Amino acid sequence: MTTEVLGELEHLKLAASIAGVDVPGFMLPESRHLLVENMRFHYLDWGTAGKRSVLFLHGGGLNAHTWDLVCLSLHNDYHCLALDLRGHGDSEWSPQGDYAIASHVRDIEGFVDHLGLNDFVLVGMSLGAVTAAGYAAVHNHKLAALVIVDAGPDVQTAGAQKIRDFVVDTATLDSIDQFVEKAVSFNPRRDSRLLRRSLLYNLRPTPDGKWMRKNDTRHMGGRSIDNVIDDNKRQWKGVAAISCPTLVVRGANSDVFRDEDAANLALSLPDGRWGKVDNAGHTVQGDNPAGLIAVMLEFFAQIRVEAGH
């Protein structure tokens, strides 16, 4: 076992211990790549073939590893897959700077078709949630269930602006230490020991010795937050077509998504309900993964989504 693998396993053990996540056994996922319409995508495959598949989509500025503890907890019972969206993580940046939700949805269509997924659970957070809802509105028949994490047609401008400013302001910094400092300042719930390691999944060194985000931020400067929020609202117009059981999750301390926003979204869905995870802000899976796992498993039990097909 290499030093790098040992380091990743120790990181996961520490993260699980700090978060209070019940883990059946520690392992690392397979890192895989595939082409969708000539664009290269990276994803993490947590194994357990033959079990029901659960596909996880991260938020803007994040990557597939944001789901590590959730997938680690579920991997004995479900075939967990976590995708790096276009322009994020180790997936390719769009040569045209195309990061429209419709393009993200086409990517998911190609990914699902390539892997032959059917009767699977789709989980999305923030940008991933908007993408998941867009996919579900058209391909509801392929889904056993949908989980929407801290996103919906109604989001709070101040919270969304804060996240946008943080991502743009940390596009490139002098050192890992600076990234850790700014990340802890942005979200004090995070443990600096874990951030130092997990940030490496989201950063790459530059030729001049600095560090930059792996996610493409070039398209973020030309649009106001009001335009972004208006566009977000338009993306949710197809929710009435989502008839599969759907859980809307809100972080109890989120400044982006309120109780009433979650409740209204759940009411607009043919088979919707909503739940709240305590001690979590917008990035629920990072702030309180144990809480998110508990809410998801309760939902799965309610709708009788078994691990196996």
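The values are calculated or read from the model by the stated rules, or taken from the named source; none is laboratory data. Because the structure is predicted, anything quoted here is derived from the model rather than measured. As a convention, Cβ positions derive from the backbone with ideal geometry for all residues, glycine included, and neighbour counts pool all protein chains shown.
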*Residues in segment 88-101: is at least one more than 17 Å from Arg52 (Cα to Cα), in a helix (DSSP H, G or I) and not aliphatic (A, V, I, L, M)?*
no
*So which residues in segment 247-282 are among the hydroxyl-bearing types (Ser, Thr, Tyr) and within 14 Å of Pro153 (Cβ to Cβ)?*
Ser268
*Looking only at segment 189-202, decide whether some residue is loosely packed, with under 15 Cβ neighbours inside 10 Å, more than 24 Å from His139 (Cα to Cα), acidic (Asp, Glu) and in contact with a helix residue (DSSP H, G or I) (Cβ under 6 Å, 6 or more places away or on another chain).*
yes
*Scan segment 17-55 for residues that are outside any strand (DSSP E or B) and either among the β-branched types (Val, Ile, Thr) or surrounded by 12 or more Cβ atoms within 10 Å (Cβ to Cβ) (or both) and report the count.*
12
_Which numbered condition in (1) surrounded by fewer than 24 Cβ atoms within 10 Å (Cβ to Cβ); (2) of a type in the set (D, E, K, R); (3) modelled with pLDDT of 95 or more is the only one that Asp150 fails?_
(1)
_Answer residue from segment 87-106, given it is closer than 19 Å to Ala136 by Cβ and under 15 Å from the mean Cα position of the chain (by Cα) and is surrounded by the most Cβ atoms within 10 Å (Cβ to Cβ) among those_ = His104
*Return the total of residues in segment 208-230 being assigned to a loop (DSSP other than H, G, I, E, B) and of a type outside the set (Asp, Glu).*
9
_Just the residues that are under 16 Å from the mean Cα position of the chain (by Cα) and under 23 Å from Val295 (Cβ atoms), please, taken from segment 30-52._
Leu44, Trp46
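Residue-by-condition table, conditions (1) out of contact with any helix residue (DSSP H, G or I) (no Cβ under 6 Å at 6 or more places or on another chain); (2) assigned to a loop (DSSP other than H, G, I, E, B); (3) not hydroxyl-bearing (Ser, Thr, Tyr):
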| position | (1), (2), (3) |
| --- | --- |
| Ser243 | no, yes, no |
| Ser254 | yes, yes, no |
| Asp261 | yes, no, yes |
| Asn279 | yes, yes, yes |
| Gln285 | no, no, yes |
| Ala290 | no, no, yes |
| Ile293 | no, no, yes |
| Met296 | yes, no, yes |
| Phe300 | yes, no, yes |
*Here are some residues: Pro270, Pro245, Pro289. Which one is touching a residue at least 60 places away in the same chain (Cβ under 8 Å), closer than 20 Å to Ile303 by Cα and of a type outside the set (S, T, N, Q)?*
Pro245
_Test: Asp216 is buried (at least 16 other Cβ atoms within 10 Å of the Cβ), under 17 Å from the mean Cα position of the chain (by Cα) and either at pLDDT 95 or above or of a type outside the set (Ser, Thr, Tyr) (or both)_ = yes
*Filter segment 219-258 down to residues that are charged (D, E, K, R), more than 18 Å from the chain's Cα centre (by Cα) and either closer than 24 Å to Phe166 by Cβ or surrounded by 18 or more Cβ atoms within 10 Å (Cβ to Cβ) (or both), then give me how many there are.*
6
*Kindly indicate which of Ala151, Ala183, Ala160, Ala137 is hydrophobic (A, V, I, L, M, F, W, C), in contact with a Gly (Cβ under 9 Å, 6 or more places away or on another chain) and part of a helix (DSSP H, G or I).*
Ala137
*Quick check: is even one residue across segment 65-74 more than 13 Å from the chain's Cα centre (by Cα) and either part of a loop (DSSP other than H, G, I, E, B) or modelled with pLDDT under 95 (or both)?*
no
*Residues being outside any helix (DSSP H, G or I) and either over 17 Å from the mean Cα position of the chain (by Cα) or of a type outside the set (D, E, K, R) (or both) - total across segment 186-207*: 10
*asked:* Among the residues of segment 197-204, are any out of contact with any Cys (no Cβ under 6 Å at 6 or more places or on another chain), over 21 Å from Ser31 (Cβ atoms) and in contact (Cβ under 8 Å) with a residue 12 or more places away in the chain?
replied: no
*How about segment 134-154: which of its residues are under 13 Å from Asp231 (Cα atoms) and in contact with a Phe, Trp or Tyr (Cβ under 6 Å, 6 or more places away or on another chain)?*
Pro153
